[in-house]
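Notes follow the structure.
The values are calculated or read from the model by the stated rules, or taken from the named source; none is laboratory data. Quick caveat: nothing in here was measured; it's all calculated off a predicted structure. Cβ: placed from backbone, ideal geometry, glycine included. Neighbour counts: every protein chain shown.
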Amino acid sequence: MKFNSVLDNLKIYEAGKPIELVVREYGIDAKDIIKLASNENPRGCSPRVIEALKDEAKKANLYPDDSMYELKEGLANKFEVKSENIIVGAGSDQVINFALQAKANENTSILMARTTFAMYEIYGRQTGTKILKTPSHTHNLDELLEMYKANLDISVLFLCLPNNPLGECLDTKDVYEFLEKIDKDTLVVIDGAYQEYAKVKDKNKEINIKDMITKFSNVLYLGTFSKAYGLGGMRCGYGVASSKIIKTLHKLRSPFNITTLSLRAGIEALKDKEFVSTCIEENFKEMVRYEEFASQNGFDFIPSYTNFITLKYNDDKNSSDIAQKLLKKGIIVRDLGAYGMNAIRVTIGTPEQNTKFFQIYKSL
Ligand SMILES: *Cc1c(COP(=O)(O)O)cnc(C)c1O
């Protein structure tokens with residue numbers, strides 16, 4: 001059977017390996033496996049969410065509130081915008097897809113940093129658009145601007161702040177200067193999946209979402225409950241932008257695109273600020289241990305504004321070998337070999353998980 005030709009060169013996204021797979025393939029007990037591969041919150045989610053979900057499960061027979069009134073109100077209050085500035089997706093992943101469906105096609109290009117979130121390219125390719133990437137792995141605004149000016153057909157430009165999978169983050173004031181130079185017909189997607197972490201580590205990375213979308217009518221800000229809020233399994237994310245952009249994106253949203261439970265989880269998670277700040281504080285405390293571990297063991301790391309750290313190797317070591325060896329001992333990390341980098345990305349775990357990581361790593 002022949003399929004749409006844009007699918008010919010598309011690879012299936014390889015998600016972080018689930019614990020179940022390691023149990024099956026390596027015969028390791030599930031309780032001995034540590035998953036540090038998908039930037040999930042190692043402390044789970046707020047107890048408040050768990051409590052609310054028990055009750056909410058009784059409504060499993062009913063379709064969710066498709067207006068998502070309560071969740072949008074919660075987000076609108078948090079960001080001091082209106083509900084009409086918000087769209088909710090099954091993860092912010094889905095909102096990335098809406099953005100590309102809305103703007104990209106065979107006659108356009110999309111622009112991004114060389115090593116950034118893989119879904120930009122994957123959803124992009126589905127539209128037939130051309131993919132442009134900077135020479136540098138991390139975000140380089142000079143390179144992005146140069147390429148933007150040299151390619152007049154760019155419809156969507158992605159900035160991942162901070163960047164996954166490398167962890168670096170541009171200063172917000174530099175981003176503002178950059179945005180001034182971008183045409184208002186180009187949609188700029190600012191992916192803030194790790195903003196909650198970045199702004200705690202360094203105020204220069206903090207984005208005032210209301211200010212940004214007010215000043216720049218072409219910016220779509222993305223946030224998610226999957227990382228700091230610990231709700232990856234709930235598939236709940238959102239986009240914030242001018243009501244004009246949001247209205248258009250809504251045309252691409254199917255009804256009931258997130259579940260009754262995901263909605264409730266998002267609503268309750270927003271109410272527990274303390275849970276999030278405790279997790280973030282511990283995250284950065286534990287990250288220092290990884291930085292010290294790298295220095296002590298003769299390899300480099302990229303300073304990170306997220307809940308993961310990228311460890312970089314010299315030619316004497318191979319990241320795929322290391323990831324494979326760790327996997328056999330029950331530790332799942334992300335090898336960045338596929339990105340042309342000799343590096344692994346490790347999600348910061350709980351103190352106990354990290355201690356075990358260091359012990360096992362040293363025994364490889
Ligand atoms: C995790 C992540 C997302 C989206 O996650 P969802 O679970 O789909 O909300 C988006 N962008 C980046 C950079 C991420 O790391």
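Quick one: count up the residues across the stretch 213-234 that are more than 25 Å from residue 248 (Cα to Cα) and of a type outside the set (A, V, I, L, M, F, W, C).
Counting residues in the stretch 213-234 that are more than 25 Å from residue 248 (Cα to Cα) and of a type outside the set (A, V, I, L, M, F, W, C) gives 5.
Listed residues 84, 56; which is more than 16 Å from the ligand (Cβ to nearest atom), farther than 16 Å from residue 251 by Cα, among the acidic types (Asp, Glu) and at pLDDT 95 or above?
Exactly one residue qualifies, and that residue is 56.
Counting only residues that are surrounded by fewer than 23 Cβ atoms within 10 Å (Cβ to Cβ) and away from the ligand (no atom under 16 Å from the Cβ), which one in the stretch 222-245 is nearest to residue 117 (Cα to Cα)?
The qualifying residue nearest to residue 117 (Cα to Cα) is 242.
Here is a check on your reading of the model: is residue 320 outside the structural domain of residue 230 (by TED's automatic domain parsing), in contact with a helix residue (DSSP H, G or I) (Cβ under 6 Å, 6 or more places away or on another chain) and surrounded by fewer than 19 Cβ atoms within 10 Å (Cβ to Cβ)? Full working, then the answer.
Numbers: outside the structural domain of residue 230 (by TED's automatic domain parsing): yes; in contact with a helix residue (DSSP H, G or I) (Cβ under 6 Å, 6 or more places away or on another chain): yes; surrounded by fewer than 19 Cβ atoms within 10 Å (Cβ to Cβ): yes.
Yes, satisfied.
Report whether or not residue 256 is surrounded by fewer than 21 Cβ atoms within 10 Å (Cβ to Cβ), in the same structural domain as residue 161 (by TED's automatic domain parsing) and over 22 Å from the mean Cα position of the chain (by Cα).
yes
Let me spell it out: the conditions are (1) farther than 30 Å from residue 35 by Cα; (2) in contact with a strand residue (DSSP E or B) (Cβ under 7 Å, 6 or more places away or on another chain), and residue 248 meets all of them except one. Which number is the exception?
(2)
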